Amino acid sequence: MAPQFSAPIGTRDVLAPESARWSALAASFHNQFSSAGYGLVLTPIFEDLNVFLRVGEHTEIVTKEMYDFEDKGGRRIALRPENTASVVRAFVEHRPLTPWKALYLGPQFRYEKPQAGRLRQFHQVGAEVLGTMDPDADVEIISLLDGFYRSLGLRRVRLMVNTLGDAGDRPRYLEVLSAHFTANLDVLTEQSRATLARNPLRVLDSKRPQERDLIEAAPKLVDFVSDEAAAHFERVQTGLTRIGVTFELAPRLVRGLDYYTRTTFEFAADALDSAQNAVGGGGRYDGLAEEFGGPPTPSIGFAAGVERILMACDAEGVFAVPSATVDVFVVDTTGGQEALTLTHELRAAGLRVDRAFDARSMKSQMKSADRSGASIAVLIGTDELAAGNVTLRPLRGGEQITVPRTQIVPEIRKFL
Ligand code: HAM
């Protein structure tokens, strides 16, 4: 017996008609950002492993989840777990003019424990602005993303913002934070104690109930940031308010990657389970380009998970699968040759047309016509063929008519 294969754990096949939503989502994202001056950037799906080590050697993405391997040439390669590191690598390599505004969409790979909304191959749409310190760039990118969610019909998406300060602000805060947790080790779970040793910031991420009060009482990073970083954050908040983008301050919002500085943000979909409700997030990474050997290049960006956005759309009952992709279905009971030419002519006239194959029965072809979502069937049988006619049968109610074949295009258009 032939072996039966299925898609690898943590991956999904997306077939039509569901896939039509993906194209619609991608088109809408592209439109939202390209209309604001962002250009599409395509980077390889795999890179030198070291490119991704720059996102933070202590992050789970790097320590546990990397899809890395040695290629046939003995190079250490990894499938990209996220796109920002690749975009920055490409920036440093090609040095486009700044501010460089880039948008992207594509698959990302993380060896995670798969569950609803958490996949090993998932897809992100994202955008980055490289080479500006202007807080208005933060406001622009956040508000465009907010507008994108709204354009899909999502209403229950909540924006949280925070500042992580500059790299220089971090050590003092980490010291105080570590001291706070170390003084209360008995409250911490074993997992959090391990996290504390690696990266005290990430303890703030814990959602375990017994640690909630301790985390609530922890010192806040926002109280430790430099005056410049605080002023920057203030400008971001006033900017968002000025253009009517609603947000919440989230002093405990830390993100899973080490490159962040200053503004960080996340969008949570309240219609989803809290473990997987992050439908997008990002922030500034003012020092990353220098880590790739580039010039100082303050930058900001985000990525948003396509699967999760679609789950949120389902939960809110918005952004339905687009209906029919064809308007006309050709049914030929003379053997199929007429369908071949008719379909060809109608498509050449700009109509969206499908047909049946395999010279099936009239009944079976009409079933396909119904399923296709077309609004009209063009019937050609031996009578029509002999008389040089076709019959147009509306599929959503109405009387059928027989018209000369030469008049087919204008007659069909009357129905559409
Ligand atoms: P991230 O928070 O790791 O950030 O991922 C962004 C989004 O990707 C998440 O909010 C979520 O919607 C989706 N996502 C992440 N992991 C998974 C998964 N395993 N399954 C399904 N969806 C997932 C970044 O990737 C940064 N590169 C964002 C950024 C861009 N920061 C600055 N520029």
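The values are calculated or read from the model by the stated rules, or taken from the named source; none is laboratory data. Note that the structure is a prediction, hence the values are computed from the model and not measured. Using ideal geometry, Cβ is built from the backbone for each residue, glycine included, and neighbour counts are taken over all protein chains shown.
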The range 251-285, subset over 25 Å from Leu196 (Cα atoms) and of a type outside the set (Phe, Trp, Tyr), residue surrounded by the most Cβ atoms within 10 Å (Cβ to Cβ):
Val279
Would you mind stating whether Thr297 is within 23 Å of Gly106 (Cβ to Cβ) and β-branched (Val, Ile, Thr)?
yes
Just one listed residue, out of Leu145, Leu177, Leu214, Leu201, is touching a helix residue (DSSP H, G or I) at 6+ places or on another chain (Cβ under 9 Å), outside any loop (DSSP other than H, G, I, E, B) and modelled with pLDDT under 90, and it is Leu201
Over the range 125-138, the set of residues surrounded by fewer than 22 Cβ atoms within 10 Å (Cβ to Cβ) and not in a loop (DSSP other than H, G, I, E, B) is Asp136
Output the residues belonging to the range 291-334 that are within 11 Å of the ligand (Cβ to nearest atom) and either of a type in the set (Gly, Ala, Ser) or more than 23 Å from the chain's Cα centre (by Cα) (or both).
Ser299, Gly301, Ala303, Ala304, Gly305, Ala312
Residues that are more than 9 Å from the ligand (Cβ to nearest atom), assigned to a loop (DSSP other than H, G, I, E, B) and either touching a strand residue (DSSP E or B) at 6+ places or on another chain (Cβ under 8 Å) or closer than 20 Å to Ala278 by Cα (or both): does the range 98-105 have at least one?
yes
Filter result for Asp258 (in contact (Cβ under 8 Å) with a residue 24 or more places away in the chain and within 29 Å of Ala312 (Cβ to Cβ))
yes
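Given the options Val129, Val92, name the one that is at pLDDT 95 or above, within 12 Å of the ligand (Cβ to nearest atom) and farther than 30 Å from Ser192 by Cα.
Numbers: Val92 fails: within 12 Å of the ligand (Cβ to nearest atom).
Testing whether each residue is at pLDDT 95 or above, within 12 Å of the ligand (Cβ to nearest atom) and farther than 30 Å from Ser192 by Cα leaves just Val129.
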So, in the range 362-416, exactly how many residues are in a loop (DSSP other than H, G, I, E, B) and of a type in the set (Gly, Ala, Ser)?
7
Filter the range 268-283 for residues that are in contact (Cβ under 8 Å) with a residue 60 or more places away in the chain and within 8 Å of the ligand (Cβ to nearest atom) and give the result.
Gln276, Val279, Gly280, Gly282, Gly283
Considering only the range 372-396, state which residues are surrounded by fewer than 17 Cβ atoms within 10 Å (Cβ to Cβ) and over 15 Å from Met362 (Cβ atoms).
Ala386, Ala387, Gly388, Pro394, Arg396
Show the residue pairs meeting these rules: Cβ distance below 7 Å; 6+ apart or different chains; first residue within the range 284-310 and over 12 Å from Thr261 (Cβ atoms) and free of Cβ contacts under 8 Å to residues at least 24 places away in the same chain; second residue more than 6 Å from the ligand (Cβ to nearest atom) and hydrophobic (A, V, I, L, M, F, W, C).
Pro295/Ala289
